[in-house]
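Report on one structure; see the data block that follows.
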Amino acid sequence: MQKILTASPEMLTLMLYNGGIRFINEGIKFINEKNCIKSNKALLRAQDIMIEFMATLNMDYDIARQLYPLYNYIYRILIEGNMKNNTAKLEEAKTLLTELRDTWHEAMKIAGKEKNDNNH
């Protein structure tokens, strides 16, 4: 909990990406174990994360207008994967979310390096 309260907005975004990926993995695992209640619960949490991403985008920026349809697509395939226990759809959502997370993490590293270079 303390980690969340003291995290920068950039770190919170990374934590949300990681959480979404973790919940999708749990959903897939529980589908494979034929545990519909637990898979639904995990996948609803992943869907909530996608709603959070879409709700917090600042549409004043081009990148936000580009991310919104992608977030919405991931959200829709999460719903479909959840409703139909379709692990292929969930794997697609996980792949897209992982790519977004990795790109975000790389951007954080570059921004951090630039910030450090400007302070010296």
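The values are calculated or read from the model by the stated rules, or taken from the named source; none is laboratory data. As the structure is a prediction and not an experimental result, all values here were calculated from the model. Every residue, glycine among them, receives a Cβ derived from its backbone with ideal geometry; neighbour counts consider all protein chains shown. We work out accessible area using only protein heavy atoms, side chains counted, and drop any ligands, DNA or RNA first. Shrake-Rupley method; radii C 1.70, N 1.55, O 1.52, S 1.80 Å.
Dividing the Cα radius of gyration of the range 56-96 by its Kirkwood radius returns 1.11 for Rg/Rh. Once you reduce the range 1-80 and the range 82-107 to the center of their Cα atoms, the two points are 9 Å from each other. Within the accessible area of the range 14-120, the carbon and sulfur atoms contribute 53%, probe 1.4 Å, all protein chains present. Calculate the FRET efficiency for MET11 and LYS38 from the Cβ-Cβ distance with a Förster distance of 41 Å, rounded to the nearest 0.05. For R0 = 41 Å, the calculated efficiency reads 0.90.
Accessible area per residue, 1.4 Å probe, Å², for the range 20-120: what's the number?
Numbers: 6550 Å² over 101 residues.
Accessible area per residue, the range 20-120: 65 Å².
Toward the positive end of the charge dipole of the range 1-89, with +1 on the Cβ of Lys and Arg and -1 on the Cβ of Asp and Glu, the farthest Cα among ILE74, ASN35, THR87 is that of ASN35.
Checking the table LYS41/LYS94; LYS41/LYS109; LYS29/LYS113; LYS41/LYS89; LYS34/LYS94 against a 27 Å threshold on Cα-Cα, which pairs fail?
Values: LYS41/LYS94 16 Å; LYS41/LYS109 33 Å; LYS29/LYS113 38 Å; LYS41/LYS89 17 Å; LYS34/LYS94 20 Å.
Distance filter (> 27 Å) returns LYS41/LYS109; LYS29/LYS113.
Kindly give the semi-axes, whole Å and largest first, of the ellipsoid equivalent to the range 3-57, taking each as the square root of 5 times a Cα gyration tensor eigenvalue. Each step should come with its number before you reach the end.
Details: eigenvalues 122, 27, 11 Å².
Result for the range 3-57: semi-axes of 25, 12, 8 Å.
Entry note, the chain: relative contact order of 26 percent, from Cα contacts under 8 Å with a spacing of 6+ residues.
When only the Cβ of Lys, Arg, Asp and Glu is charged (+1, +1, -1, -1), the dipole of the chain relative to its Cα centre reaches about 540 debye. Both radii are taken from the alpha-carbon atoms of the range 21-120; with Rh as the Kirkwood radius, Rg/Rh is 1.10.
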